[in-house]
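The values are calculated or read from the model by the stated rules, or taken from the named source; none is laboratory data. The structure presented is a predicted model; accordingly, all values stated were derived computationally and were not measured. For neighbour counting, all protein chains shown are included, and Cβ atoms are generated from backbone atoms with ideal geometry for every residue, glycine included. These area figures cover heavy atoms from the full protein model, side chains too; ligands, DNA and RNA do not enter into them. Shrake-Rupley method; radii C 1.70, N 1.55, O 1.52, S 1.80 Å.
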Amino acid sequence: MAKYRIAWLPGDGVGNEVMEAARIVLDKINFDAEYVHGDIGWEIWKTEGDALPQRTIEMMKTCDAGLFGAITSKPKEEAEKELVPDLQDKGLVYFSPIVRMRQEFNLHTNLRPCKAYPGNPLNFKEGIDIAIFRENTEGMYGGVEFFPLPQDVYDALDRNHPKMKKFKDKGLENIAMSTRIMTKQGCASIITQGFEYAKKFGKKAVTVVDKPNVLRETGGLMIRTAREIAKNYPGIELWETNIDAQCMWLVKNPQDYEILVAENMFGDILSDLAAQLIGGLGFACAGNIGDGFAVFEPTHGSAPKYFGQYKVNPIATLLAAKMMLEWLGELEKAEKIESAISAVISEGTVRTYDMGGSNTTLEMAEAVAGKV
Ligand code: IPM
Ligand code: MG
């Protein structure tokens, strides 16, 4: 029996191609795993009306970890139109299977390392090495939303908050509401992980990013919790910043930041900004990490226009595989993959289109495999 059981979730479009690339490297390194395919994504939505079918969820529960490729995702109305005729008008609603997976398995932490590998022609600056800890199940993406606003929700808010008055005459059918629900536990967990990471890797500061000057209650909770937790880590500084200014500083002085901690939506935004600093989507990987289970992914989408061409850069997926090995405790193998990636990047002879080259997805994977 293999040592690990891995949920293999290629998804749509180029998700399949980058996962094929990942297998080349994982096999080369003799990662002792059984890979179990799981259906997920747009194609499954179209034919089954569920982008993350129950059978996939059950299968994932039997696995140690998952590796996920990419999915296509479209707005609600378009999603319904693309369903097979049998499933039309049944009131089926498309939900992002990634977001659902995070909530279903309580993958509360989204870790996004953004490292500028030396010699990457796409680096915005050299010397960037940032780990982003994004809360992954609460906050603005927690999913508690209304449209139109139900009367009783309106009334309860009106009774409890003077600011509801200004919406009084607009009509409930004209009001949409998305909530940002944050818990002390959720804040504490993500902040603690940032500090633990700082301690483990000898970093000098943890930057907690929010907007407490405006979002007084949720942002306030985040910052107060951060101050409490920081006391347990005497040698590590807590830097408190606002999301807007932080975006500017990340462009100005990205090397100054090593660990960023943020709520779900702010973390989502920071992650894309930071990803672009180190080469863009071809280099951006993420771990969705829970207490006993985790799913790793490149953060890019399914790139329909490139599907079938084996053009996209698989490095993000290879880095996701590396993160998976790290999380499973296979540190030596993880290290080998990362060194191989780093060597291929700095040599510069094999490059995908985004890096200015013309090598294919699989050629890049072979080049990395050749160095492990
Ligand atoms: C990400 C993506 C997802 C998110 C989308 C596809 C739901 O942007 O993983 O960052 O916002 O979490
Ligand atoms: Mg995102």
Review point. What list of ³J(HN,Hα) values in whole Hz, one per residue of the stretch 33-47 in order, does the Karplus curve 6.51 cos²θ - 1.76 cosθ + 1.60 (θ = phi - 60°) give from phi, with Gly and Pro shown as x?
Key: 9, 9, 9, 10, 5, x, 6, 7, x, 5, 4, 6, 4, 4, 8
Practice item. Using DSSP, restrict attention to beta bridges with both residues in the stretch 1-117 and report what percent are antiparallel, rounded to the nearest 5. Key: 0
**Study point:** Cα-Cα over 31 Å, subset of LYS311/LYS371; LYS46/LYS166; LYS305/LYS336; LYS200/LYS252; LYS125/LYS336
**Key:** LYS46/LYS166; LYS305/LYS336
Check your understanding: Residues of the stretch 270-353: accessible area per residue at 1.4 Å, in Å²?
Key -> 35
Practice item. Determine ³J(HN,Hα), in whole Hz, for all residues of the stretch 58-72 in sequence, where each value follows from phi through the Karplus function 6.51 cos²θ - 1.76 cosθ + 1.60 and θ = phi - 60°; x replaces Gly and Pro. Key: 4, 4, 4, 5, 8, 9, 7, 6, x, 10, 10, x, 7, 9, 8
Exercise for review: For GLU34, list long-range residues whose amide hydrogen, built 1.01 Å from N in the peptide plane, is under 5 Å from its own amide hydrogen.
Suggested key: TYR4, ARG5, ILE6
**Study point:** Simple Cβ-charge dipole of the chain, Lys/Arg +1 and Asp/Glu -1, about Cα centre, in debye nearest 20
**Key:** 1020
Check your understanding: Taking the Cα centre of each part, how many Å lie between the stretch 4-20 and the stretch 316-367?
Key -> 16
Study note, to complete from the structure: Listed residues ASN160, ASN264, ASN120; largest mean-square fluctuation, Gaussian network over the chain with Cα springs below 10 Å, found at ASN160
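Over the chain, what percent of the accessible surface lies on carbon and sulfur atoms, probe 1.4 Å?
The C+S portion of the solvent-accessible surface of the chain is 53 percent.
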Review point. Taking the Cα centre of the stretch 26-87 as the origin, how large is its charge dipole in debye, to the nearest 20, when only Lys and Arg (+1) and Asp and Glu (-1) carry charge on their Cβ atoms?
Key: 140
Study note, to complete from the structure: With every protein chain kept in place and a 1.4 Å probe, the residues VAL14, VAL84 fall, from largest accessible area down, as VAL84, VAL14
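With both partners inside the chain, how many of the DSSP beta bridges are antiparallel, as a percent to the nearest 5? Intermediate values should be presented prior to the final figure.
Working: 19 of 44 bridges.
Within the chain, antiparallel bridges account for around 45 percent of the total.
Counting only C-alpha contacts under 8 Å and six or more residues apart, can you give the relative contact order of the stretch 195-328 as a whole percent? Please report the intermediate quantities before stating the final value.
Details: 158 pairs, mean separation 27.2, N = 134.
Rounded, it is 20 percent for the stretch 195-328.
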Study note, to complete from the structure: Sequence order, the stretch 118-126: Karplus ³J(HN,Hα) from phi using 6.51 cos²θ - 1.76 cosθ + 1.60, θ = phi - 60°, Hz rounded, Gly and Pro as x, gives x, x, 5, x, 8, 4, 6, 8, 7
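Given the convex hull of the Cα atoms of the chain, what is a quarter of its surface area in nm²?
Values: hull surface 81.0 nm².
Its Cα hull, projected and averaged over all orientations, spans 20.3 nm².
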Revision key, fill the gap. CD proxy, 222 nm, the chain: helix-only mean residue ellipticity via -39,500 (n - 2.57) per DSSP H run with n ≥ 4, per residue, nearest 500, stands at -12500 deg cm²/dmol
Exercise for review: Could you tell me which GluC sites (Glu not before Pro) in the stretch 186-273 are loop residues by DSSP with no more than 13 other beta carbons within 10 angstrom of their beta carbon?
Suggested key: GLU217
Revision key, fill the gap. Residues whose modelled amide H sits under 5 Å from the amide H of ILE132, counting only those 5 or more places away in sequence or on another chain, are ARG112, CYS114, LEU260
Practice item. Starting from the stretch 224-301, pick out the trypsin sites (Lys or Arg not before Pro) whose DSSP state is loop and whose Cβ has at most 10 other Cβ atoms within 10 Å. Key: LYS231
Review point. Aspartates and glutamates near LYS204 by alpha-carbon distance under 17 Å, same-chain residues fewer than 8 away left out - which ones?
Key: ASP129, GLU196, GLU237, GLU240, ASP256, GLU258
**Study point:** 5 angstrom amide H check on ILE278, placed H, neighbours 5+ away
**Key:** PHE124
Check your understanding: When the Debye formula is applied to the Cα atoms of the stretch 258-372, each taken as the same point scatterer, what base-10 log of I(q)/I(0) results at q = 0.12, 0.17 Å⁻¹?
Key -> -0.45, -0.91
Exercise for review: Report, ordered by chain and residue number, the lysines lying within cross-link reach of LYS199, taken as a straight Cα distance under 18 Å and ignoring same-chain residues fewer than 8 apart.
Suggested key: LYS231
Practice item. Just read off the accessible area of ARG180 with the full protein assembly in place, 1.4 Å probe, to the nearest 10 Å². Key: 40
